[in-house]
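Undergrad: My structure is below; once you've seen it, I'll send some questions.
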Amino acid sequence: MTEKTVEIKISGKTIQAKLGETIVNALWESGIADSVKTGCAGGVCGACTVTLRYSDGRQGGTELACMKAVDAEMEVFPCPVEPDDPVMPVSHPELSHLQSAFPTLNRCTKCGSCTNSCPMSIPVMDSVLRMQKGEFQAVAEDFTTCIHCGLCRFVCEDKVKPHTMGLWLRRSLGLSREAKIEKNEDNNDWEYLLDEDPEARLEKARHYRRKGNL
Ligand code: SF4
Ligand code: SF4
Ligand code: FES
């Protein structure tokens, strides 16, 4: 069976692509790899952000070009997301810290665009609302699978910067834990990784996989 070829557009330029291959692959095959930034080519690094439109009126949206399959009538627009200036994390973050580091927090109009844009299906808008209530542990969990592609920030017309805040909270909570361990205020569950013999480590790892705790 021969592979079906379709025409797609990349920033207005028409190329031939095989139905079902990834957009990144189609660009490589056409010799225009540079037209979309690419890193891991496996949906992990968040470099290859694009927006899509379909000339037949189907709804487009934001995607990772290395994960999205080519389809007929597809028009691809690269949307590289510029990184933000880093904000130093703080130990034991409070709502006032978050609000002062990110005054954009309270601008959220609950439009939902960030959630719709996320290629990792993170409930971004709900997480912004959790940030406003100071539910930081839950926010850190929400952003566990974030690949920092920046699409949630790209689509936010109110410039709220959800993933930048999520990352800052994760780093700040990590710093808090580190400070507690240093002061011996935290029972370090993972200490056995350094201390015990290899068999005991393996047994603990098996137990963790079975039961989900140490
Ligand atoms: S896109 Fe911006 S304004 Fe809309 S829900 Fe997300 S954070 Fe709030
Ligand atoms: S939360 Fe934002 S930055 Fe993280 S994966 Fe989703 S869209 Fe990308
Ligand atoms: S190139 Fe890394 S996510 Fe697409």
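Undergrad: When only residues in region 107-117 that are under 18 Å from the mean Cα position of the chain (by Cα) and in contact (Cβ under 8 Å) with a residue 40 or more places away in the chain count, which is farthest from ligand 3 (Cβ to nearest atom)?
TA: Ser113
Undergrad: Filter region 40-83 for residues that are polar (S, T, N, Q) and over 14 Å from the mean Cα position of the chain (by Cα) and give the result.
TA: Thr51, Ser55, Gln59
Undergrad: Where residues in region 100-115 are buried (at least 16 other Cβ atoms within 10 Å of the Cβ) and part of a helix (DSSP H, G or I), which of them is farthest from ligand 1 (Cβ to nearest atom)?
TA: Ala101
Undergrad: I'd like the full set of residues that are in contact (Cβ under 8 Å) with a residue 60 or more places away in the chain and surrounded by fewer than 14 Cβ atoms within 10 Å (Cβ to Cβ), limited to region 13-54.
TA: Within region 13-54, just Val44 meets the criteria.
Undergrad: Which condition number does Val87 fail, the rest of (1) under 21 Å from the mean Cα position of the chain (by Cα); (2) within 17 Å of Leu19 (Cα to Cα) being met?
TA: With (1) under 21 Å from the mean Cα position of the chain (by Cα); (2) within 17 Å of Leu19 (Cα to Cα) applied to Val87, the lone miss is (2).
Undergrad: While we're here: Within the set of pairs 6 or more residues apart or between chains, which connect a residue that is in the same structural domain as Leu175 (by TED's automatic domain parsing) inside region 94-106 to a residue that is of a type in the set (Ser, Thr, Tyr) and at pLDDT 95 or above with Cβ atoms less than 6 Å apart?
TA: Hits for this filter: zero, empty list.
Undergrad: Quick one: in region 134-146, which of the residues that are in contact (Cβ under 8 Å) with a residue 12 or more places away in the chain and either more than 10 Å from the chain's Cα centre (by Cα) or within 16 Å of ligand 3 (Cβ to nearest atom) (or both) is surrounded by the most Cβ atoms within 10 Å (Cβ to Cβ)?
TA: The qualifying residue surrounded by the most Cβ atoms within 10 Å (Cβ to Cβ) is Val139.
Undergrad: For Glu141, only one of the following conditions fails: (1) more than 24 Å from Val50 (Cβ to Cβ); (2) in contact with a Cys (Cβ under 9 Å, 6 or more places away or on another chain); (3) more than 10 Å from ligand 1 (Cβ to nearest atom). What is its number?
TA: (2)
Undergrad: Step by step: first the residues of region 148-162, then only those that are more than 17 Å from Thr51 (Cβ to Cβ) and surrounded by 20 or more Cβ atoms within 10 Å (Cβ to Cβ), then the one that is farthest from ligand 1 (Cβ to nearest atom). Which residue is that?
TA: Checked region 148-162; the qualifying residue farthest from ligand 1 (Cβ to nearest atom) is Lys161.
Undergrad: Related question: Of the conditions (1) closer than 21 Å to Ala65 by Cβ; (2) under 13 Å from the mean Cα position of the chain (by Cα); (3) more than 16 Å from ligand 3 (Cβ to nearest atom), Cys149 fails just one. Which one is it?
TA: Condition (3) is where Cys149 drops out.
Undergrad: Oh, and also: Does Asp126 fit the bill of being farther than 23 Å from Cys45 by Cβ, free of Cβ contacts under 8 Å to residues at least 24 places away in the same chain and not assigned by TED's automatic domain parsing to the domain that holds Val50?
TA: yes
Undergrad: The conditions are (1) assigned to a helix (DSSP H, G or I); (2) at pLDDT 95 or above, and Glu141 fails exactly one of them. Which is it?
TA: (2)
The values are calculated or read from the model by the stated rules, or taken from the named source; none is laboratory data. Quick caveat: nothing in here was measured; it's all calculated off a predicted structure. Methodologically, a virtual Cβ is constructed for each residue, glycine included, from the backbone with ideal geometry; neighbour enumeration extends over all protein chains shown.
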